[in-house]
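Read-outs: derived from the displayed coordinates by stated rules, not from any lab. Please read all numbers here as calculations on a predicted model, not as lab measurements. Glycine gets a Cβ as well: all are built from the backbone with ideal geometry, and neighbour counts include every protein chain shown.
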Amino acid sequence: MVIIFAYMKRKIFREDILNAGKKLMFLNGYEATGIKSITDEVGIPKGSFYNHFENKEVFGLEMLGEYCNGGIQMHRRNLLESSKNPMQRLEDHYDGMIASLIQQSEYKLGCIMGNFSMEMADVNESFRKILDDKFEEIQEIIFECLKEGQEKKVVNMGLDPLMMSGFMLNSWHGALIRMKATATAKPLNDFREMIFTQLAP
């Protein structure tokens with residue numbers, strides 16, 4: 001019983017560090033977030049960090065992987081596992097993300113995948129690789145939803161679903177960058193209007 005409790009305590013402790021690091025790196029970026037600032041956020045000694053992670057890079061890669069996997073699960077749940085028709089799934093998915101960004105982040109946070117792509121992808125191959133792989137997984141989910149939409153004749157049949165899925169993913173992240181620069185929802189709303197005009201059958 002003591003052994004099980006100790007294991008659970010270590011597991012929760014590790015998740016606390018990951019969550020604190022995610023919060024700080026979301027706000028400040030990877031390079032500007034030091035190990036001490038993470039452990040201060042959790043309320044533990046700096047040395048305790050190394051009981052769970054070899055170094056900051058190992059931590060950053062695990063944190064990024066967990067964040068990306070959460071995003072992939074959200075895309076899969078919203079776009080592939082709903083009983084709604086594929087076009088309605090897409091509309092609800094993007095409307096939900098836009099509403100969340102407006103209500104929760106005050107146009108400041110964007111997406112860790114996009115933030116890390118700008119900060120880390122061209123200077124660290126490990127970060128670049130995980131980002132590329134996870135973006136590909138998300139694009140595949142969008143592609144499958146578009147393809148199903150065409151099969152059900154609720155998505156424009158003249159579109160190439162593979163090209164369109166990549167365009168949607170790229171345009172969304174571009175809109176997130178512009179959102180942060182303008183501190184308004186206009187880039188996100190423009191994205192929605194243009195994309196769904198193109199998708200309409």
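Can you tell me how region 41-123 classifies by the Cα gyration tensor, rounded, prolate or oblate, using a/c under 1.5 as the rounded cut? Walk me through the intermediate numbers first.
Numbers: a/c = 2.35, a/b = 2.11, b/c = 1.11.
In terms of gyration-tensor shape, prolate.
Using a 10 angstrom cutoff on alpha carbons, build the Gaussian network for the chain and name the most mobile of 168, 120, 97.
Answer for the Gaussian network model of the chain: 97.
Tell me the label-point distance for the pair residue 170, residue 37, using the 7 Å Cα-to-Cβ offset, in nm and rounded to one decimal.
The answer from the label model is 3.2 nm.
What distance in nm separates the two pseudo spin-label positions at residue 121 and residue 109, each 7 Å out from Cα along the beta-carbon direction?
Between residue 121 and residue 109, the simple spin-label model gives 2.1 nm.
What ³J(HN,Hα) values, in whole Hz, does the Karplus curve 6.51 cos²θ - 1.76 cosθ + 1.60 give for region 184-190 when θ = phi - 60°, with x put for Gly and Pro?
Values per residue, Gly and Pro as x: 9, 8, 4, x, 5, 5, 5 Hz.
Kindly express, to the nearest 10 degrees and within the range 0 to 90, the angle between helix 161-182's C-alpha long axis and the longest C-alpha principal axis of the chain.
Tilt relative to the chain: about 60 degrees.
If you take every residue apart from residue 180 with its C-beta less than 11 Å away from the C-beta of residue 180, what net charge results, scoring Lys and Arg +1 and Asp and Glu -1? Working shown, then result.
Working: positive: 108, 178; negative: 106.
Taking every other residue near residue 180 into account, the sum is +1.
Suppose we take every Cα in region 115-201 and form the convex hull; what volume per residue is that in Å³? List each step's numbers first, then the result.
On the way: hull volume 7.1 nm³, N = 87.
Hull volume normalised by residue count: 81 Å³.
With all distinct Cα pairs included, what does the Kirkwood hydrodynamic radius of region 43-201 come out to in Å, to one decimal, could you say?
Numbers: mean 1/r = 0.0588 Å⁻¹.
Mean inverse Cα-Cα distance, inverted, gives 17.0 Å.
In the chain, which longest range has no GluC sites (Glu not before Pro) that are both DSSP loop (not H, G, I, E or B) and surrounded by at most 14 other Cβ atoms within 10 Å? Don't jump to the answer; show the numbers that get you there.
Details: sites that count: 31, 54, 81, 106.
Excluding the exposed sites themselves, the longest stretch runs over 107-201.
Which of the residue pairs 23/108; 84/147; 129/152; 22/134; 108/186 have a Cα-Cα distance greater than 23 Å in the structure shown? Intermediate results must be reported in sequence, preceding the final value.
On the way: 23/108 13 Å; 84/147 15 Å; 129/152 35 Å; 22/134 17 Å; 108/186 14 Å.
From 23/108; 84/147; 129/152; 22/134; 108/186, over 23 Å: 129/152.
For residue 36, list the aspartates and glutamates whose Cα falls under 16 Å from its own Cα; do not include residues on the same chain fewer than 8 positions away.
Of all the aspartates and glutamates, those that pass the test against residue 36 - Cα under 16 Å, at least 8 places apart if same chain - are 16, 54, 57.
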